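The values are calculated or read from the model by the stated rules, or taken from the named source; none is laboratory data. Model, not experiment: these values are computed from the prediction. Virtual Cβ from ideal backbone geometry, glycine too; neighbours counted across all protein chains shown.
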Amino acid sequence: MTTTRFAPSPTGYLHIGNLRAALFNYIIARQNGGSFILRLDDTDPVRSKPEYADAIREDLRWLGLDWDREETQSARLGRYDEVAAQLRGDGRLYECFESPTELDLKRKKQLNMGLPPVYDRAALKLSETEKDALRAERGSYWRFQLDHKRIEWEDGILGAQSIDAASVSDPVLIRADGQVLYTLASVTDDTDMGITNVVRGLDHVTNTATQIQIIEAMGCKLPSFAHHSMLTGPQGEALSKRLGVLALRDLRANGVEPMAILSLMARLGSSKPVELRQHIKEVIEGFALSDFNASPTKFDEADLGPLSARYFHAVPAPEMAAEMAAIGVPEGMTEDFWLAIRENINTRADIAYWWDLCQNGATPDIAAEDVSFIQQALASLPARPFDQTTWPSWTADLKATTGRKGKALFMPLRKALTGAANGPDMKRLLPLLQKLPEV
């Protein structure tokens, strides 16, 4: 069975950058009738916060990305110790003693000599006596010893990949304070949980190479890997510094619709054009990893507003019934009200604006030269109830009696009735107006 996972750290809010991994893994699981796991990478006890974990769940639910089960890495620390003990016993995990300052000096020296800044494995040359002495004066950490050979895999987006393990430092798996790091925890979880497909950002390619060797050392089966491109700003600038203002919770607060986000992110960086979808099922059906490439992908927050507005244009009234009921629209009016306003909705907050106008009217905007015309027009308005024939018949009569036509006829009427130069089709809106202006 296909099993995928999304493994965010609850150390902050979800942003548009890490949403791509969540969405891609969710889609792959759903396309194949598989399982999608939410796995909270909460091994850092200082930075991981329950409120961030709650916010992650809230954001995923808002987007409609439901998960089949939830796991927390903090509940699996004993299992990571078991795997570490196995790797030590097999001679693949070795103890190191360099301080961060010493490691930095080594890197600088290698760079000055024109060499790649790869850990020199000095710890492997230490005698047991030397190790005992170092343990007495400082803490130690643990590295995985890579086999210096080429690591190869067929990437679901990048195609054939090959990395020389000798060009990569042996990865640190356990810090000096005993904290298990991402690489060991992730590999252990992926193998134990039967993850079949791992989709993540291009910045994880080197991680994948080292994790392949760790998985092989554990005697476990490799999942399929795919690495999507990284997001940039609209001008190609680094997006990383802006991710704090691109939190999903902030986009939601600004009125961006879930389907606008999902529609954009499911196509951005692919060979297919962005197409607005009304339901997550349509996003799933039109998705293929093979459509994507490794080129940097430009993301512009401004694209989400128009997509959100277009989403409302096609939504049927029953799907908005809860929003309309919440602001007091009578059940018998929801269909007519929604069909009148939906093409003028940019965010859900706009619904209340138009209902207030229908209920309480608007401050009329009437130019001095139009006052007498508006007085004549209102005096000739047919008696209630209005219907969708009222506006065309009323304006036709006014055209005949006043000689006005086109913008000179329709614009003063709209501005007098709604207080604005733009808005819904007056044929649909007029029957909903409960208060008319007094001039």
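Before moving on, here are some points about what is shown:
- Test: residue in segment 162-169 that is at pLDDT 95 or above, over 30 Å from the mean Cα position of the chain (by Cα), under 25 Å from Gly91 (Cα atoms) and part of a loop (DSSP other than H, G, I, E, B): yes
- Verdict on Gly178 being in a loop (DSSP other than H, G, I, E, B) and modelled with pLDDT of 95 or more: no
- Residues in segment 91-101 that are closer than 16 Å to Thr210 by Cβ and not basic (Lys, Arg): Leu93, Tyr94, Cys96.
- Restricted to segment 276-293, and to residues there that are part of a loop (DSSP other than H, G, I, E, B) and not hydrophobic (A, V, I, L, M, F, W, C), the residue that is surrounded by the most Cβ atoms within 10 Å (Cβ to Cβ) is Arg277.
- The set of residues from segment 1-50 being part of a loop (DSSP other than H, G, I, E, B), touching a residue at least 60 places away in the same chain (Cβ under 8 Å) and among the β-branched types (Val, Ile, Thr) comprises Thr2, Thr43.
- Meets criteria (touching a Cys at 6+ places or on another chain (Cβ under 7 Å), part of a helix (DSSP H, G or I) and farther than 30 Å from Thr297 by Cα) for Ala123: yes
- Some residue of segment 109-119 being exposed (fewer than 14 other Cβ atoms within 10 Å of the Cβ), closer than 20 Å to Ile215 by Cα and of a type in the set (A, V, I, L, M, F, W, C): no
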